[in-house]
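J.: First the structure, then my questions, so here it is.
The values are calculated or read from the model by the stated rules, or taken from the named source; none is laboratory data. Small disclaimer: the values here were computed from a predicted structure and weren't measured. Using ideal geometry, Cβ is built from the backbone for each residue, glycine included, and neighbour counts are taken over all protein chains shown. Just the protein is used for accessible areas: all its heavy atoms, side chains included, with ligands, DNA and RNA removed. Shrake-Rupley method; radii C 1.70, N 1.55, O 1.52, S 1.80 Å.
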Amino acid sequence: MAATPTATAESTSRTIGQVPETWRQSLLLSRYQFRDYLRSRRFILMMAIVVAIGAIISFILAYFHGTTTIAGLTSSSDAFYGSFWGGGAYVVIIFAGIIFGGDAIAGEFQNKTGYFLMGLPIRRAAVYVGKFLASLGASIAAMVVYLVILVGNGAVYLGTGFFPFALVESFAIALLYLLALLGAVFLFSSMFKNSLYAVLVVAILFLFGFTILQDLIVALVKIEPWFIIDYARVTIAYPFDATLPPHIATTTTMGPRGTRITTTTYSPTYPEGLAIMAGYFIFTAIAGLFLFEREEFT
Amino acid sequence: MSAGLSLEAVGLTKRFNSFTALDHLNLKVEGSKCLGFLGPNGAGKTTTLKMFTDLIFPSEGEAFINGVSVQRDRKRALSVVGDLIESPEIYGSLSPREALEMSGALRGMRSEEIRARTKVVLEEVKMSEWTDQRFGRFSKGMKQRVNIAAALLSDPEVLILDEPSTGLDPRGMAEVRSIVRSLKSEHRLIFMSSHILSEVVDVCDEVALIDHGRLLFYDTLENVSTRLNANASSVELSFVRPISEETIASQIRPIPGVTTALLVGPQRARLIISGGPETQAQVLERIAGARLGLVSFEPSTSALEELYLREISKGD
């Protein structure tokens, strides 16, 4: 080994500004990431999905208006919003989560955008939170568009005075569901360095995987599936229900050859639904960040 | 650790399962200079630079920038660094202006500083006319120019560049070298990996060579020739017309002082001349007098090249 060349260590004094706090860097990053989302094809795709769902609902309402087919739906604001918002918002939320969050972290590795960001004096937590906030903002935009379409239809069929407080309450629960879903989506996104895998896994799990899993658990293991996020999503519709479903309901039916078949169905209580969503959000967000902190840009 | 302008690797080791990409690298670079970090593909150059920028984590050891551990306090350590590792991508819908604005804001630069520096660095990399175009539409070379601009934005004291001319055309490569050269005159430490020897000779003051994850040598460029052979110098000759092996054998090799004469192209030859400047002058006068059509001669990079090949071959 050669002798190390000697050189004088000079004083360093050229520092431009003070590196912002981590939370401030998160907000800064989310602003640019959100701007990127707004200009992206994925945002147009998401809006097209929302508008398509809204158009189908509008068409059905217009087509069957005045018939008994949808009389129940337009009989009250609770029935109307309970069906179309309480029972439909989760579809928008799932699509938004997949589209805006599926590759949020995986893409940093695969698309090499992480090399640009991570060379900056910024903690990984700031990148993670910044991207989470941007995905949250873009997803909320999609939810708001869906809500506006419903409220427009509601004004037509219920009158302009029918904007129930339950809708505000349900929107807040839907936001909590969105947080939980994005937390889970970011966790899966942090597990993969490949965007396609991340998006596929998230799409399969949230579009039908969790539903199938939940049904299997209830049918075979016969326990309350409180640990599956899908189980909690019915809580979004609870503000519109005058009577909440029983937490555990057992029904017995007669099967072939006189056998009795006992079926147990579970519905989360109001607080339980909220707790599952909040728990999912906290656990998955922390776990996702933990993985991202340890993932290497190899 | 000292708080001066410095980069230091202390026992830096990186293992990927059973493969050791970097093996206990100990290297300390101090002061305002440019260090060329040389090595063949897979030698461990990028791995080292990635650990200095916290993109990957050491299996053992630590990397320090200006005395601050990158692994323990990345935010503080990287606050003085501008880096370019593996041709990064910027969010496709952002323009260079927006990308630099984001980079500057995350570094804590004030808006007016960002605006002023954005103008300067985009001019420096000749991307001024593309300031508001979307990054996603750029060619690889244009993206690399914007990445270089981003690395320079904060006027950093320490620049870590991983093969910065990658993806650029010959003109772009020359421009990058010119930029790096111009940055050397300022108070700055540049740590630049490359596998292009001429680039290192052209730009750097010092050179460190690694292979198989081990540091083979670290020295100034002047000392490299001395290390190879204290009394030998290497010269490349260009001729106006093709020159044959026979001519070299009959007219150049016999000249006293010429220890090696090789044909390296139809109109180019490389000599190693033993002895001092006097012998070198005599040899060149004899060749010029032989009327072989000599049009130019220049010190070749072969001293570094020979040392490079000699050291690399030891490990094979």
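J.: Which of the residues that make up region B:271-311 are farther than 23 Å from B:T220 by Cβ and either modelled with pLDDT under 80 or among the small types (G, A, S) (or both)?
T.: If the condition is that a residue be farther than 23 Å from B:T220 by Cβ and either modelled with pLDDT under 80 or among the small types (G, A, S) (or both), then B:A281, B:A288, B:G289, B:A290, B:G293, B:S296 are the ones that fit.
J.: Also, I was wondering about something else. Determine, yes or no, whether A:S30 is within 14 Å of chain B (Cβ to nearest Cβ), open to solvent by less than 50 Å² (accessible area, probe 1.4 Å) and modelled with pLDDT of 95 or more. If you could, list the steps in order and put the result at the bottom.
T.: On the way: within 14 Å of chain B (Cβ to nearest Cβ): yes; open to solvent by less than 50 Å² (accessible area, probe 1.4 Å): yes; modelled with pLDDT of 95 or more: yes.
Against the criterion (within 14 Å of chain B (Cβ to nearest Cβ), open to solvent by less than 50 Å² (accessible area, probe 1.4 Å) and modelled with pLDDT of 95 or more), A:S30 qualifies.
J.: Condition first: β-branched (V, I, T) and open to solvent by less than 10 Å² (accessible area, probe 1.4 Å). Now tell me which residues in region A:105-122 satisfy that.
T.: A:I105, A:I122, listed by residue number.
J.: Can you name the residue in region B:94-106 that is facing chain A (nearest Cβ under 10 Å) and either among the β-branched types (V, I, T) or open to solvent by less than 10 Å² (accessible area, probe 1.4 Å) (or both) and, of all such residues, is farthest from A:W23 (Cα to Cα)?
T.: B:L94
J.: Something else now. Would you say A:L179 is in a helix (DSSP H, G or I), on the phi < 0 side of the Ramachandran plot and surrounded by 17 or more Cβ atoms within 10 Å (Cβ to Cβ)?
T.: yes
J.: Here's something else I'd like to know. Which of the following residues is of a type outside the set (F, W, Y), away from chain B (no Cβ under 14 Å) and assigned to a helix (DSSP H, G or I): A:G130, A:G107, A:G137?
T.: Exactly one of A:G130, A:G107, A:G137 is of a type outside the set (F, W, Y), away from chain B (no Cβ under 14 Å) and assigned to a helix (DSSP H, G or I), namely A:G137.
J.: Within the bounds of region B:221-236, is there any residue that is open to solvent by 10 Å² or more (accessible area, probe 1.4 Å) and closer than 24 Å to B:L22 by Cα?
T.: Yes, region B:221-236 contains at least one residue that is open to solvent by 10 Å² or more (accessible area, probe 1.4 Å) and closer than 24 Å to B:L22 by Cα.
J.: Sticking with this one: Given the conditions (1) open to solvent by 10 Å² or more (accessible area, probe 1.4 Å); (2) under 23 Å from the mean Cα position of the chain (by Cα); (3) more than 10 Å from chain A (Cβ to nearest Cβ); (4) of a type in the set (G, A, S), which single one is not true for B:S32?
T.: Going through the list (1) open to solvent by 10 Å² or more (accessible area, probe 1.4 Å); (2) under 23 Å from the mean Cα position of the chain (by Cα); (3) more than 10 Å from chain A (Cβ to nearest Cβ); (4) of a type in the set (G, A, S), B:S32 breaks only (3).
J.: Please find, among A:A96, A:A79, A:A125, the residue that is under 30 Å from B:S87 (Cβ atoms) and either surrounded by 18 or more Cβ atoms within 10 Å (Cβ to Cβ) or in contact with a Leu (Cβ under 9 Å, 6 or more places away or on another chain) (or both). Give the steps one after another, and end with the answer.
T.: Values: A:A96 fails: under 30 Å from B:S87 (Cβ atoms); A:A79 fails: under 30 Å from B:S87 (Cβ atoms).
After applying the criteria, what remains is A:A125.
J.: Determine whether A:L216 is at pLDDT 90 or above and closer than 21 Å to A:A138 by Cα.
T.: Values: at pLDDT 90 or above: yes; closer than 21 Å to A:A138 by Cα: no.
The answer is no for A:L216.
J.: Inside region A:184-200, can you point out the residues that are open to solvent by 70 Å² or more (accessible area, probe 1.4 Å) and assigned to a helix (DSSP H, G or I)? Spell out the reasoning first.
T.: First, the residues of region A:184-200 that are open to solvent by 70 Å² or more (accessible area, probe 1.4 Å): A:191, A:193, A:196-197, A:200.
Selection gives A:M191, A:L196, A:Y197, A:L200.
J.: Sticking with this one: Residue under question is B:A77, and the condition is that it be of a type in the set (A, V, I, L, M, F, W, C), in a helix (DSSP H, G or I) and crowded, with 16+ Cβ neighbours inside 10 Å; does it hold?
T.: Taking the combined requirement at face value, the residue satisfies it.
J.: Among the residues of region B:15-25, are any within 9 Å of chain A (Cβ to nearest Cβ), over 16 Å from the mean Cα position of the chain (by Cα), assigned to a strand (DSSP E or B) and at negative phi?
T.: Here is the first cut: in region B:15-25, the residues within 9 Å of chain A (Cβ to nearest Cβ) are B:16.
With the extra rule that they be over 16 Å from the mean Cα position of the chain (by Cα), the set shrinks to B:16.
Now narrow it down to the ones that are assigned to a strand (DSSP E or B): B:16.
Applying the additional criterion that residues be at negative phi yields B:16.
The answer is yes; a qualifying residue exists.
J.: Could you tell me how many of the residues in region B:223-253 are at pLDDT 85 or above and assigned to a loop (DSSP other than H, G, I, E, B)?
T.: 6
J.: Based on this model, can you work out whether B:E123 counts as away from chain A (no Cβ under 12 Å), touching a Lys or Arg at 6+ places or on another chain (Cβ under 8 Å) and of a type outside the set (V, I, T)?
T.: Spelling it out, it is not the case that B:E123 is away from chain A (no Cβ under 12 Å), touching a Lys or Arg at 6+ places or on another chain (Cβ under 8 Å) and of a type outside the set (V, I, T).
J.: Just one of (1) on the phi < 0 side of the Ramachandran plot; (2) more than 10 Å from chain A (Cβ to nearest Cβ) trips up B:F217, so point out which.
T.: It fails just one condition, (2).
J.: Let me ask another. Quick one: is A:Y115 touching a strand residue (DSSP E or B) at 6+ places or on another chain (Cβ under 9 Å), part of a helix (DSSP H, G or I) and either within 14 Å of another protein chain (Cβ to nearest Cβ) or farther than 30 Å from B:L153 by Cα (or both)?
T.: Spelling it out, A:Y115 is indeed touching a strand residue (DSSP E or B) at 6+ places or on another chain (Cβ under 9 Å), part of a helix (DSSP H, G or I) and either within 14 Å of another protein chain (Cβ to nearest Cβ) or farther than 30 Å from B:L153 by Cα (or both).
J.: Out of the residues in region B:49-68 that are open to solvent by less than 10 Å² (accessible area, probe 1.4 Å) and in a strand (DSSP E or B), which is farthest from B:R214 (Cα to Cα)?
T.: Among them, the one singled out is B:I65.
J.: Of everything in region B:107-116 that's surrounded by 20 or more Cβ atoms within 10 Å (Cβ to Cβ) and at the interface with another protein chain (Cβ under 8 Å from one of its Cβ atoms), which residue is farthest from A:G114 (Cα to Cα)?
T.: My answer is B:M109.
J.: Filter region B:144-182 down to the residues that are more than 19 Å from B:P88 (Cβ to Cβ) and within 14 Å of chain A (Cβ to nearest Cβ), then identify the one that is surrounded by the fewest Cβ atoms within 10 Å (Cβ to Cβ).
T.: The selected residue is B:D155.
J.: Looking at A:S77, is it touching a residue at least 40 places away in the same chain (Cβ under 8 Å), among the small types (G, A, S), closer than 27 Å to A:L158 by Cβ and out of contact with any Cys (no Cβ under 9 Å at 6 or more places or on another chain)? Even if it seems obvious, please write down each step before you answer.
T.: Values: touching a residue at least 40 places away in the same chain (Cβ under 8 Å): yes; among the small types (G, A, S): yes; closer than 27 Å to A:L158 by Cβ: yes; out of contact with any Cys (no Cβ under 9 Å at 6 or more places or on another chain): yes.
Judged against the criteria, A:S77 is a match.
J.: Sort through A:V145, A:V218, A:V127, A:V151 and tell me the only one that's without any contact (Cβ under 8 Å) to a residue 24 or more places away in the chain and farther than 12 Å from A:G97 by Cα.
T.: On the way: A:V145 fails: without any contact (Cβ under 8 Å) to a residue 24 or more places away in the chain; A:V218 fails: without any contact (Cβ under 8 Å) to a residue 24 or more places away in the chain; A:V127 fails: without any contact (Cβ under 8 Å) to a residue 24 or more places away in the chain.
It is A:V151.
J.: Here is a follow-up. I'm trying to understand the selection: among the residues of region B:146-173, which are within 13 Å of B:R97 (Cα to Cα) and assigned to a helix (DSSP H, G or I)?
T.: Of the residues in region B:146-173, the ones within 13 Å of B:R97 (Cα to Cα) are B:146-147, B:149-150, B:153.
B:V146, B:N147, B:A149, B:A150, listed by residue number.
J.: Quick one: in region A:205-227, which of the residues that are aliphatic (A, V, I, L, M) and within 14 Å of the chain's Cα centre (by Cα) is most open to solvent (accessible area, probe 1.4 Å)?
T.: First pass over region A:205-227, keeping only residues aliphatic (A, V, I, L, M): A:205, A:207, A:212-213, A:216-221, A:223.
Imposing the further condition that a residue be within 14 Å of the chain's Cα centre (by Cα) reduces the set to A:205, A:207.
On the way: A:L205: 43, A:L207: 81 Å².
Filtering region A:205-227 for residues that are aliphatic (A, V, I, L, M) and within 14 Å of the chain's Cα centre (by Cα), the one most open to solvent (accessible area, probe 1.4 Å) comes out as A:L207.
J.: Right, here's the next one. Return yes or no: is B:T46 more than 9 Å from every other protein chain (Cβ to nearest Cβ), outside any strand (DSSP E or B), buried (at least 16 other Cβ atoms within 10 Å of the Cβ) and not aliphatic (A, V, I, L, M)?
T.: On the way: more than 9 Å from every other protein chain (Cβ to nearest Cβ): yes; outside any strand (DSSP E or B): yes; buried (at least 16 other Cβ atoms within 10 Å of the Cβ): yes; not aliphatic (A, V, I, L, M): yes.
Criteria met by B:T46.
J.: For A:F281, are the conditions met, namely being aromatic (F, W, Y) and within 14 Å of chain B (Cβ to nearest Cβ)?
T.: no
J.: On the given criteria, is A:F297 in contact (Cβ under 8 Å) with a residue 40 or more places away in the chain, crowded, with 17+ Cβ neighbours inside 10 Å and within 14 Å of another protein chain (Cβ to nearest Cβ)?
T.: Yes.
J.: If you go through region B:132-145 one residue at a time, how many are under 19 Å from B:E163 (Cα atoms) and part of a helix (DSSP H, G or I)? Lay out the reasoning, then the answer.
T.: As a first pass, look at region B:132-145 and keep what is under 19 Å from B:E163 (Cα atoms): B:139-145.
Subset that is part of a helix (DSSP H, G or I): B:140-145.
Count: 6.
J.: Before we move on, is A:S135 buried (at least 22 other Cβ atoms within 10 Å of the Cβ), in contact (Cβ under 8 Å) with a residue 40 or more places away in the chain and among the hydroxyl-bearing types (S, T, Y)?
T.: Yes.
J.: Still on this structure: Give just the number: which of (1) out of contact with any strand residue (DSSP E or B) (no Cβ under 8 Å at 6 or more places or on another chain); (2) more than 10 Å from chain A (Cβ to nearest Cβ); (3) not acidic (D, E) does B:A9 not satisfy?
T.: That leaves (1) as the condition not met.
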